1. Going through the range 262-305 one residue at a time, which ones are of a type in the set (Val, Ile, Thr), touching a Lys or Arg at 6+ places or on another chain (Cβ under 8 Å) and free of Cβ contacts under 8 Å to residues at least 40 places away in the same chain?
2. Can you find a residue that is among the charged types (D, E, K, R), under 25 Å from Phe30 (Cβ atoms) and in a helix (DSSP H, G or I) anywhere in the range 185-198?
3. Name the single residue, out of those in the range 286-313 being among the charged types (D, E, K, R) and in contact with a helix residue (DSSP H, G or I) (Cβ under 6 Å, 6 or more places away or on another chain), that is nearest to Pro263 (Cα to Cα).
4. In this structure, does Ile95 turn out to be buried (at least 18 other Cβ atoms within 10 Å of the Cβ), at pLDDT 95 or above, under 30 Å from Pro274 (Cβ atoms) and of a type in the set (Val, Ile, Thr)?
5. Do we find that Glu86 is buried (at least 16 other Cβ atoms within 10 Å of the Cβ), at pLDDT below 95 and of a type in the set (Asp, Glu) in this structure?
6. When Arg295 is evaluated against the numbered criteria (1) assigned by TED's automatic domain parsing to the domain that holds Gln353; (2) modelled with pLDDT of 95 or more, which criterion, by number, is the only one it fails?
7. Looking for whichever is within 17 Å of Ala76 (Cβ to Cβ) and touching a residue at least 24 places away in the same chain (Cβ under 8 Å) here; the options are Leu109, Leu138. Which one fits?
8. Take the conditions under 29 Å from Cys152 (Cβ atoms), out of contact with any Asp or Glu (no Cβ under 6 Å at 6 or more places or on another chain) and aromatic (Phe, Trp, Tyr) and apply them to Phe283. Does it pass?
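The values are calculated or read from the model by the stated rules, or taken from the named source; none is laboratory data. This structure is a prediction, so every number in the text was calculated from the model and none was measured. Cβ: placed from backbone, ideal geometry, glycine included. Neighbour counts: every protein chain shown.
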Amino acid sequence: MNVKELKKDIIAYSKTIGIDKIGFTTASTFDEMKNRLLQQRELDYQSGFEEPDIEKRVNPALLMDEPRSIISIALAYPSKMKIRVESKKGERRGIFCRASWGTDYHVVLRDRLKKLENYILSKVPEAKFKSMVDTGELVDRAVAERAGIGWCGKNCAIITPEFGSYVYLGEMITNIPFHSDKPIENQCGDCNKCVDACPTGALVQGGQLDSNRCIAFLTQTKGFLPDQFREKIGNRLYGCDTCQTVCPENKGKDFHIHEEMEPNPEIAKPLLKPLLHISNREFKEKYGHVSGSWRGKKPIQRNAILALAHFKDETAVGDLITVMKNDTRPVIRGTAAWALGKIGGEEAMNALQKAQINELDEDVIEEINKGLNFFMKKES
């Protein structure tokens, strides 16, 4: 087996199946990443969604027998919608982050990795693989950085010279000893725009993220959103793009290469009020194919309520009162009560006063009181 020729063939083939960048690196341990992960754990900066075993996140030998190298792939996704829909008074809209536009990227990248595996097997029948996307054990960006896909920016995203940071990442551990590509030198320099622009200060410093403060993480939680973040969320339903949109490396970067990544504007930027009453079945049918649906409808509905409060949408008061009175989930009832206080008006205040008498859940009662406190502040 001529590994050098095989690598050339794989690179050529990858272009025919819609892989925008491909890089190769060793299967040695990611020692620097291990130190960073240990520090993140010590500082309690982890989100809880990660693989809990740090050794598995940095040592490919724990994931596959006799790994010799890792192939890293990147696919570019759009940063702008071809068809725009406007959020206007009475018809306010929320927004899913760009990484949740189009078909779930896990599905798309797994398809490319499977095709790559089959191609390599046709050349080397004894080849072995372990492929993963995002939810796998390895840290995608650590692999991509070492494989020369891009550099790890201060916003903790891989930044490629060609596509900026608007790329999905996946990797494949293999027993074939490919020659490694050279990493790209970090080009962030003195730029600190992403750190300065982070709405919640989650980017503690360049390259260090406190996940518990990150809006992208907070939008995926299922409980009450902490008070300090409720007004920071804006109209975000899932994820946050701020640290990407302010990045100079992303200026003018907008690639529409993959049809399955094209957003349907009514899904990527949906009307908020209909989300309050959507059934599980309707939610699955409309949003089930996007990555932002993985936690179910509850976080999306809670965020939609917060977005209506952000817009102070008086046309949503009736809907929010219905939700506060009838929804079986305390988080949704309570968030609706808080939002009614934020929006204000006599109808909202009367509904909160009635709910204060009828509500039995202590957490919801606390939220009703917060809502009523908004009225007291206005009067004083």
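1. The initial filter retains those residues of the range 262-305 that are of a type in the set (Val, Ile, Thr), namely 267, 278, 290, 300, 305.
Applying the additional criterion that residues be touching a Lys or Arg at 6+ places or on another chain (Cβ under 8 Å) yields 267, 278.
Scanning the range 262-305 gives a single hit, Ile278.
2. Kept after step one, since they are among the charged types (D, E, K, R), are these residues of the range 185-198: 185, 190, 193, 196.
So of that shortlist, the ones also under 25 Å from Phe30 (Cβ atoms) come out as 185.
If we keep only those that are in a helix (DSSP H, G or I) as well, we get none.
So far as the range 185-198 goes, no, none of its residues is among the charged types (D, E, K, R), under 25 Å from Phe30 (Cβ atoms) and in a helix (DSSP H, G or I).
3. Looking only at the range 286-313, we keep the residues that are among the charged types (D, E, K, R), and these are 286, 295, 297-298, 302, 312-313.
Filter again for in contact with a helix residue (DSSP H, G or I) (Cβ under 6 Å, 6 or more places away or on another chain), leaving 297, 302, 312.
Numbers: Lys297: 19, Arg302: 23, Lys312: 27 Å.
Taking the candidates together, the pick is Lys297.
4. Numbers: buried (at least 18 other Cβ atoms within 10 Å of the Cβ): yes; at pLDDT 95 or above: yes; under 30 Å from Pro274 (Cβ atoms): yes; of a type in the set (Val, Ile, Thr): yes.
Against the criterion (buried (at least 18 other Cβ atoms within 10 Å of the Cβ), at pLDDT 95 or above, under 30 Å from Pro274 (Cβ atoms) and of a type in the set (Val, Ile, Thr)), Ile95 qualifies.
5. Judged against the criteria, Glu86 is not a match.
6. (2)
7. Leu109
8. Working: under 29 Å from Cys152 (Cβ atoms): no; out of contact with any Asp or Glu (no Cβ under 6 Å at 6 or more places or on another chain): yes; aromatic (Phe, Trp, Tyr): yes.
Taking the combined requirement at face value, the residue does not satisfy it.
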